[in-house]
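For reference, the structure is listed below as structure tokens.
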Amino acid sequence: MALSAHIVGWGCYLPERRLPNSELEATLDTTDEWIRTRTGICERRIAADDESTASMAIEAAKRALHVADISSRHVDLVIVATISPEFVFPATACLVQDAIGARQAAAYDISAGCGGFIYALAQADQAIRSGSSRVALVVGAETLSRFVDWEDRGTAVLFGDGAGAVVLQGTEMPGGILGTTLGADGSGVELLYVPAGGARRPACAASVAERQHYLRMDGREVYRFAVRTMERSTREVLAKVDSDVSQVSLLIPHQANGRITDAAARALGLDRSRVMETLEWCGNTGSASIPIALCRAVEDGRILENDLVVLVGFGAGLTWGSAALRWDKVPAAPPSMLRLQYYRARYRLAAARSWSRRLWRRLRTYARARWGQAVDPKGMGDL
Ligand code: UT7
């Protein structure tokens, strides 16, 4: 029977340190009023020196596994969406996989801009539907404060750090993730990117002096793209799952700018009470923004059983994506007694087989030594 991927656990982590707009007023040519009215952001969280993308991802992952009540031994896939990875390589997901003890899991990162979490969710969903995974951990994590040019008022006021994670479990029960859509337009690469530090322009004294390792953005263009894309992608995924906007209980968009969210909600005809926002207190946390907002929505009781929820993201690349899901937390079922007995019986049978083979080999060796070559009464050859 076909499997569906259900969100059975969620968790997020935000660093302790708050950076309010008032503090930015002291170092940048900006005002609290400008930031609030043009973006909706009041404060953002900044990672401590001993925190990083991996450490926050690990914390969020542990919290999500705790809610799911699933041991990390059962996780068979770990995907981390991030644009501020721990290293150029290897993947941050490998650090998470090791730290949580998911020994059976494959692990890799996805870099798809701030919408990366939707890409990761779509991949995990496909892995579960195809039967190649049963329990997947999907994390969005960023330490964007380390890539922001703190002298550039156009970007420094926007971004924050944090991580969010969900645990997906495949079950025969229909529901969970109903459908996803993804898209990209690579012609917009330079609208939002970090110019140096990659293969095109490796780090050197000049690139550092020119501040090329910091994020660069054409805010206005990204803004226009975001408004267009959020509406289109939301409608696309709803059409794919035979639903429409009137059935959506909650829209959880990537948290980039309150005005973008407003414009998208207006275009969709959605009342603001049906749109989740976390921007005010954590800013734009990149790939982490959707899972953090999802976590908050569940904890605040804004998502109830059977609700139709749409997640929609966009970002550097340019990329976009959306996911429609039916909220139905499936309790993580421990293996039944019957299944445990079946596993034990299979193990005993395998052990007995291997024991009998060893015995047969010994007997044969003994017989050959004693009576010569012509001993293979059952015709079993070399086992
Ligand atoms: O996660 C996905 C990636 N990011 C985004 O989605 C961001 C998308 N873009 C935006 O959210 C908005 O474009 C911004 C918040 C970045 C900028 O808002 P805007 O209303 O589009 O402002 P603008 O770029 O059109 O600039 C208007 C003015 C400019 O001054 P002049 O040229 O008109 O004199 C800017 O220099 O505002 C100025 N400005 C600021 N003023 C005070 C830009 N940043 C600031 C600032 N404080 N922090």
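The values are calculated or read from the model by the stated rules, or taken from the named source; none is laboratory data. What you are looking at is a predicted structure, and each value in this text was computed from that prediction instead of being measured. Every residue, glycine among them, receives a Cβ derived from its backbone with ideal geometry; neighbour counts consider all protein chains shown. Accessible surface is based on the protein model in full, side chains and every heavy atom, while ligands, DNA and RNA are left aside. Shrake-Rupley method; radii C 1.70, N 1.55, O 1.52, S 1.80 Å.
Residue ranking by accessible heavy-atom surface, 1.4 Å probe, largest first, among ASP109, ASP98, ASP29 comes out as ASP29, ASP98, ASP109.
Hydrodynamic estimate: the Kirkwood radius of region 4-120 over Cα pairs, inserted into Stokes-Einstein at 4 °C and 1.567 mPa s, corresponds to D of 80 µm²/s. If you wrap the chain in the convex hull of its Cα atoms and look at it from every side, the mean projected area works out to 26.0 nm². Ligands, DNA and RNA left out, the 1.4 Å accessible surface of region 282-323 is 41% carbon and sulfur atoms.
Of the residues GLY11, GLY170, GLY219, the one that moves most in a GNM of the chain with alpha-carbon contacts below 10 Å is GLY219. Among the GluC sites (Glu not before Pro) in region 171-214, those located in a DSSP loop and surrounded by at most 10 other Cβ atoms within 10 Å of their own Cβ are GLU172.
Rolling a 1.4 Å probe over the protein chains gives ASP307 an accessible area of about 30 Å². Taking Cβ separations below 4.7 Å as the criterion for a possible disulfide partner, the isolated cysteines in the chain are CYS42, CYS94, CYS114, CYS204, CYS282.
Ligands, DNA and RNA left out, the accessible area of region 1-116 computed with a 1.4 Å probe is 51% carbon and sulfur. Placing +1 on each Lys and Arg Cβ and -1 on each Asp and Glu Cβ, with no other charges, gives region 157-287 a dipole about its Cα centre of roughly 360 debye. Enumerate the residues in region 295-317 having an amide nitrogen under 20 Å from the point lying 7 Å beyond the Cα of ALA239 toward its Cβ. Hits in region 295-317 for ALA239 at 20 Å: 309-314.
Adding -39500 (n - 2.57) for every DSSP H run of four residues or longer, then dividing by how many residues the chain holds, sets the calculated 222 nm ellipticity at -12000 deg cm²/dmol. Sorting GLU305, GLU59 on solvent-accessible area from highest to lowest, probe radius 1.4 Å, gives GLU305, GLU59. Ranking SER246, PRO85, VAL166 by Cα position along the charge dipole of the chain, where only Lys, Arg, Asp and Glu carry charges on their C-beta atoms, puts VAL166 farthest toward the positive end. Between rounded, prolate and oblate, where does region 1-59 land on the alpha carbon gyration tensor, with a ≥ b ≥ c its root eigenvalues, rounded for a/c under 1.5, else prolate if a/b exceeds b/c? The shape class here is oblate. Using a simple spin-label model with pseudo-atoms 7 Å out from Cα toward Cβ, GLN104 and ARG18 lie 4.3 nm apart. Over region 162-287, the Kirkwood radius and the radius of gyration, each from Cα atoms, give a ratio Rg/Rh of 1.05.
Over the chain, what is the percentage of antiparallel beta bridges among all DSSP beta bridges, to the nearest 5? Could you put the intermediate results ahead of the total?
Working: 40 of 57 bridges.
Just about 70 percent of them are antiparallel.
Of the whole protein surface, TYR223 contributes about 60 Å² of accessible area at a 1.4 Å probe radius.
Per residue, how much accessible surface does the chain expose to a 1.4 Å probe? Answer in Å², no decimals.
I get 48 Å² per residue for this part.
Length available on full extension from TRP371 to TYR223: 0.36 nm per residue minus the Cα-Cα distance, which gives 44.5 nm. Modelled this way, with points 7 Å down the Cα-to-C-beta line, the labels at ARG259 and HIS66 are 4.0 nm from one another. ARG63 sits with roughly 100 Å² accessible to a 1.4 Å probe, with DNA, RNA and ligands left out of the calculation.
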